[in-house]
Amino acid sequence: MILRFLISFNIIFYLDYYPLIARIQNYELSVKTQPPDPFVLSSNAGNLDTDGNFILTWTIADRASNYSVYQHSEEITVINGSLTLLLNETKDRSLALTDYPIGTYYFIVVARNNYGQSISNYIKIVIENPKKGEPTIFGYNLFLLISIICLISMILSRKLKKPSR
């Protein structure tokens, strides 16, 4: 997009206290406006994540005023109301996501300015076997070791107490 302005103005110079007036009329000023440049979205999770915690990061989109991050359960081909907005109009270039359950997720980022938008690549992240929700018993390993030692001790003590024939 190109914005064009017609400007008229007077410039006054002083030469030995005598004013010289220059009139400029209908000067055309053109300003080229553009949407943000292309940019790339990535993640530290790669394509497979095992703990449900990862960070989305994206490169700088020149001329971007802000960024919005979206999520979907299927490949993202268009930005519309079916996407889940995770972060709106931020100046940050990363987003930490935590506690995602098992599943497949797609993410995309949109860079915007007053003259348009630029859409990043989408990335697919598969969460497999996250640790969230696994039962944990404090001291379980120690309890198991002590139980095994007691069981072995009981078996050995019974064998030793039996009278031999």
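Please treat every number below as a calculation from the coordinates, not as lab data. What you see is a predicted model; the values in this text were computed from it and never measured. Counting neighbours? That spans all protein chains shown, and the Cβs are built from the backbone with ideal geometry, glycine included.
Observations, loosely collected:
- Spacing of the two label points (7 Å from each Cα toward its C-beta) at Leu48 and Asp16, in nm: 8.9 nm
- Modelled this way, with points 7 Å down the Cα-to-C-beta line, the labels at Lys91 and Ile79 are 1.9 nm from one another.
- Neighbour-limited loop hits for GluC sites (Glu not before Pro), region 29-110 (at most 12 other Cβ within 10 Å; DSSP other than H, G, I, E, B): Glu74, Glu75
- Remark: spin-label model distance Leu142-Thr59 equals 5.2 nm, labels positioned 7 Å along the Cα→Cβ axis.
- Formal net charge of residues neighbouring Thr104 (Cβ-Cβ distance under 13 Å; K, R +1; D, E -1): -3
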